[in-house]
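Asker: Sharing a structure here in structure tokens format.
Bear in mind that the values in this text are calculations on the coordinates, not laboratory data. Since we're looking at a predicted model, the values are computed, not measured. Every residue, glycine among them, receives a Cβ derived from its backbone with ideal geometry; neighbour counts consider all protein chains shown.
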Amino acid sequence: MKKTNFDRYLDEQLRDPVFAARFQRAGEAWDVALQIAALRQQAGLSQKDLAKLLKTSQQQISRLESPGYEGHSLSTLRRVAEALHARVRIVFEPAGTENGMRVAETAVPYGTKRLTTRR
């Protein structure tokens, strides 16, 4: 696939360690924001509806769903997850590992199928 001017520009900017670190942190905040918004929408809730469940304001929900917001506390994320029938999972990875950018992990089926043997 042919690189666009933006791709070349981004590659150049990512050579700067300070920019690369800020870009990585922004991607993490973006992931959290998109996941909260997606879960809320899947639950059929508006921001105002979720705010009522959490006893907070619609503006706070909007802030949590903003890609530029980095003030998510673990307790707030837990409250949001509980209201949306989800769970919070935090993964620490060794620095320098390249797993690629992703918005959210695909769902993992946790149920096991019963194996039966015929005799």
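Asker: Mind checking the full-extension length gain between Ala38 and Arg25? Use 0.36 nm per residue of separation minus the Cα-Cα distance, one decimal, nm.
Answerer: Length gained between Ala38 and Arg25: 2.7 nm.
Asker: List the aspartates and glutamates whose Cα sits under 15 Å from the Cα of Lys48, skipping any in the same chain fewer than 8 residues away.
Answerer: Correct list for Lys48: Glu65.
Asker: Net charge within 15 Å of Ala83 by Cβ-Cβ distance, Lys/Arg positive one each and Asp/Glu negative one each, not counting Ala83 itself?
Answerer: Local net charge: +4.
Asker: Using the beta-carbon distance between Ala86 and Asp16 and R0 = 35 Å, what value does 1/(1 + (r/R0)^6) give for FRET efficiency, to the nearest 0.05?
Answerer: My answer for the efficiency is 0.45.
Asker: What's the magnitude of the charge dipole for region 6-68 around its Cα centre, counting Lys and Arg as +1 and Asp and Glu as -1 at the beta-carbon? Answer in Debye, nearest 20.
Answerer: Its charge dipole is roughly 420 debye.
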